[in-house]
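Here the structure is laid out as structure tokens; the discussion comes afterwards.
The values are calculated or read from the model by the stated rules, or taken from the named source; none is laboratory data. Source: prediction; values computed, not measured. Positions of Cβ are backbone-derived with ideal geometry, glycine not excepted, and every protein chain shown enters the neighbour counts. These area figures cover heavy atoms from the full protein model, side chains too; ligands, DNA and RNA do not enter into them. Shrake-Rupley method; radii C 1.70, N 1.55, O 1.52, S 1.80 Å.
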Amino acid sequence: MLLPGGLLQERDKRAKWNGIPTLLQKLYESSHPNSDLSHSIKGGSEMTGFSFFFFFFLLSAMSFVTEDRKTAQESTFPNTYTFDLFGGVDLLVEILMRPTLTMQKKKPKMNDDLVKDCLSVLYNCCICTEGVTKSLAARDDFVLFLFTLMTNKKTFLQTATLIEDILGVKKEMIQLEGIPNLSGLVQSFDQQQLANFCRILSVTISEPDVGNDDKHTLLAKNAQQKRNASPSRAEVNQVTLLSIPGFIERLCKLATRKVSEATGANFLQELEDWYTWLDNALVLDALMQMATEEPEQSSTESSDESSLATSPLRHRLPQSMKIVHEIMYKVEVLYVLCVLLMGRQRNQVHKMLAEFRLIPGLNNLFDKLIWRKYTVSNHVVHGQNENCDCSPEISFKIQFLRLLQSFSDHHENKYLLLNSQELNELSAISMKANIPEVEALVNTDRSLVCDGKKGLLTRLLTVMKREPPDSSFRFWQARAVESFLRGATSYADQMFLLKRGLLEHILFCIIDSGCTSRDVLQSYFDLLGELMKFNIDAFKRFNKYVNTPEKFQMFLTQINSSLVDSNMLVRCIVLSLDRFESQTEDVKVVEVLSECCLLSYMARVENRLSFLFRLVNIINVQTLTQENVSCLNTSLVILMLARRKAKLPFYLNALREKEYAEKYPGCLLNNFHNLLRFWQRHYLNKDKDSTCLENSSCIPFSYWKETVSVLLGSDRTSLCAIASYIDEPFMDLDRDLLED
């Protein structure tokens, strides 16, 4: 019901509504069918009063947007609050969607400026007034309708900005297949629009972060998978995207296209200055659009409008701004490619990325854009948090490294990271060692590998060794290189990296650099484990670097400071020692076995038992995660190797004695028994890929299963069953801790 004008104006003055209810009332009256506004929609003419309303509202609302974004309250953002309170948001949604509700065959076309104004006001209401974004997100019809507005280049930026904000709070992930003519929409985008569309896509193809540590436990994840056997919405959306013709090819072109470079001593500072006030790729687009488009002047333009159209900003956009613009595009594109690489269609995506030469393209950009050489640090710090890596350059580097990690991990296409000369080097290493070439290397299509003097992996190693000790990139660099080594152990791959000084670099970082970051140390432990596993030359190099008792003690201190972080390296040492002890006919192996301090340390049974005690003690079924489940598998490796040598009873009895010495009889063994029961349910699930365990250990998975079954045997007379070593009063094996 409309309020009388006088009453409304009187209340307006007292409540300080700034005339917004009156303006909304006029807008409502003029928005009826056959009204002035309706005619302006059909005819495309501008409506002076309506444009003035938006100008007034935008001006008053935007004054608050420039402040720090705080909790939206009525007192902080009175104009947007009042606008929403009197139904302004619902009215704008109605006006925008009205052309779709008509029964006419020929749909009326809304004026572009009117659409842009409506979208801009809605966006400002979203960021200024609590609850507006969620209410819009709840309207599926409106969300899907917004995608149809993206076909118009003039309203694309405003539409994309609003959609991104809405999808960020939407409870249920949108189904991309529900968007009208999605394939045609995406194919109609130019490269700039497609890059910005990736910002929206990132929300629709990523599994939502549950935000609760308990939900990240393997127990909870397994239960969740049982409840949701069908593909998730994110997985369905990934399939939808991959079905769009030319989609991946265009993303590869976006990711690898070159940009002109800026030079000069002040470039970094200039880059930072731009970024401090432009923190959104869509805002960057607005500036680029203003700076690059030709002024569209008409004979009716006023002198002020004409001068605005030819303002210096249009023609003096700094070169650095263009580079930041391109970098931020690539961040979004690489993120989408990375998510698709980790999805169920991984092999399909891999095939396309190889075909469209993503890796050679990134290799050509490496020195000029991805990792440019500066005399000052690449690290840009923002705000009060000194650890906040949020600059475009840093985001770009991390996303690039994450992509390399996903691309190389357990996939034969990893050899595309090398060039032809480096592939020949791998072949020569295999020939010299008198071992067959890896099948994946033989099958690599040489026309798809990197160009130039160095491949992408070699370039990465070069910058990795130059990275300062406190660099936030060390973690991601180590992960990317480790992924190249993961899978079935390749002697040639290891030697390729050893010849480039990688082992010495890792040991320097662990022992001599003063690094205290647990994440960085874990990544270096994991990389060292993959680099040294079963490689006698690597252990010889280790002993040459760690050449004093002080250095070795420091190395052990780092390992023992957190077994969750270092247990993969412990596993590597145990497995390698077992392999070398069976090769005593080899003179070099015997020499290294007798001289290497690391192998000698692990050869002492008391040290292996010490690791076993702690590995079993630091985890339980309720706290198992993807990060620490490796501790369980490392403890199993120690016991499997003991079983091979008929020493399993000795190790189990040592666990029992440890319990009594610590005055907690039954504690370790009951816990280990429960962990192994969980292991059976987790790894014997038909959906689980057991090849990772087999490849990383060179122990057949059948032997893993058999050993676990023996350990869980119910016969208390068996010397290899855990139950035999728990005294009756302390038995706690019947309690089922594994139920959902």
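Quick notes on this structure:
- Extension gain (nm, one decimal) between V239 and E355, 0.36 nm per residue minus Cα-Cα: 39.9 nm
- Among residues other than N434 with Cβ under 14 Å from its Cβ, the summed charge is 0 (Lys and Arg +1, Asp and Glu -1).
- Remark: accessible surface ordering of W476, W679 (largest first) is W476, W679, probe radius 1.4 Å.
- Note on K465 and L556: the model spin-label points, each 7 Å out from Cα along the C-beta direction, lie 3.0 nm apart.
- Extension gain from E591 to A433, taking 0.36 nm per residue of separation minus the Cα-Cα distance: 55.1 nm
- Net +/- balance of residues flanking L448 in space, Cβ distance below 13 Å, scoring K and R +1, D and E -1: 0
- Backbone HN-Hα couplings from phi across the stretch 341-352 [Karplus 6.51/-1.76/1.60, Hz, Gly and Pro as x]: 5, 9, x, 5, 9, 3, 5, 5, 5, 4, 4, 6
- Entries in K414/K588; K109/K153; K540/K647; K154/K253; K253/K330 that, when Cα-Cα distance is taken, lie over 19 Å: K414/K588; K540/K647; K154/K253
- Potential lengthening of the chain between Q345 and V564 amounts to 75.7 nm, from the contour at 0.36 nm per residue minus the alpha-carbon distance.
- Furthest towards positive pole of dipole, N617, N628, G666, structure part the stretch 580-670, Cβ charges: G666
- Percent carbon-and-sulfur accessible area, the stretch 408-484, ignoring ligands, DNA and RNA, probe 1.4 Å: 52 percent
- Annotation for N443 and T691: the two label points, set 7 Å from Cα along the Cα-Cβ direction, are 0.9 nm apart.
- For the stretch 529-625, with +1 on Lys and Arg beta carbons and -1 on Asp and Glu, the positive-most of S582, C597, V564 along the dipole: V564
- Point-to-point label distance, K134-E177, nm (Cα→Cβ direction, 7 Å offset): 3.1 nm
- Ranking by accessible area, most exposed first, for Y725, Y81 with a 1.4 Å probe: Y81, Y725
- 16 Å cut-off, amide nitrogen to a point 7 angstrom out along R257 Cα→Cβ, residues in the stretch 323-364: 323-334, 358, 361-362
- The residues D586, D526, sorted by heavy-atom accessible surface at 1.4 Å with ligands and nucleic acids left out, run D586, D526 from largest to smallest.
- A Förster distance of 22 Å, applied to the separation of the beta-carbon atoms of S420 and R500, puts the FRET efficiency at 0.80.
- Using the 1.4 Å probe convention, the accessible area of the stretch 621-725 works out to 44 Å² per residue with neighbouring protein chains retained.
- With all protein chains modelled, accessible area of C720 [1.4 Å, Å²]: 40 Å²
- Convex hull (Cα only) mean projected area of the stretch 144-185, reported in nm² to one decimal: 2.9 nm²
- Surrounding net charge for I511, when Lys and Arg each add one and Asp and Glu each subtract one, Cβ distance under 10 Å: -1
- The fraction of Cα-Cα pairs per 10 angstrom bin, counted from 0 for the stretch 393-523, comes to 12, 43, 33, 11, 1 percent, rounded to whole percents.
- Radius, Kirkwood style, for the stretch 501-549 when every pair of distinct Cα atoms is counted (Å): 11.2 Å
- Note on M110: accessible area approximately 20 square angstrom, rounded to 10, probe 1.4 Å, nucleic acids and ligands left out.
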